[in-house]
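The values are calculated or read from the model by the stated rules, or taken from the named source; none is laboratory data. Predicted model only: the values in this text are computed from it and were never measured. Quick reminder, even Gly has a Cβ in these numbers, built from the backbone with ideal geometry, and neighbours come from all protein chains shown. Side chains included, ligands, DNA and RNA excluded: accessible areas come from the protein's heavy atoms. Shrake-Rupley method; radii C 1.70, N 1.55, O 1.52, S 1.80 Å.
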Amino acid sequence: MKGFRTAAEKECDARLGRRIAWLRATAGISQKNLGERLGLSFQQIQKYETGSNRVPVSRLISICQVLEIDVPELLAPILSPEADTDGVSSDPAVRRGPSMLAGRVGAALDRVRNPAMRSALADVVTAAAEWESM
């Protein structure tokens, strides 16, 4: 039956979406920016990331190219027998996924046109995070 997905398939699609969202946010790329780079709306990216729409293999490859990762790097945590249910990490801080604040910071950095300024701002955030973990 076309359009029918089993519970296991839905969970796999959701895990893939969470993995894409985490990698996208980690790379400092907004949903809007990723969508623009792929010729899609941010709503479509949102649907992929929530697992409500399946990601075609060709699109998965394109997403990996934008994120500058290999397809196995994206899929390995999801396919691994040791993978957590979200396919991201066993680290509790990482398992929460990217925060809304991280997404806002990434989106704001995307809008800074000056590469030196963008890099300096990223350095400030990185230094603050390292200082906090001391």
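Here are a few things to note about the model shown:
- Some residue of the range 96-112 being more than 11 Å from the chain's Cα centre (by Cα) and modelled with pLDDT of 85 or more: no
- Pairs where the first residue, in the range 44-58, is without any contact (Cβ under 8 Å) to a residue 60 or more places away in the chain and more than 16 Å from Arg15 (Cβ to Cβ) and the second is open to solvent by less than 60 Å² (accessible area, probe 1.4 Å) and small (Gly, Ala, Ser), C-beta under 8 Å, 6+ apart: Gln44/Gly35; Ile45/Gly35
- Taking the criterion of being of a type in the set (A, V, I, L, M, F, W, C) and under 10 Å from the mean Cα position of the chain (by Cα), the residues of the range 4-44 that qualify are Leu16, Ile20, Ala21, Trp22, Leu23, Ala25, Ala27, Ile29, Leu34.
- Set side by side, the residues Gly28, Gly51 differ, and just one is crowded, with 17+ Cβ neighbours inside 10 Å and closer than 30 Å to Ser119 by Cβ, which is Gly28.
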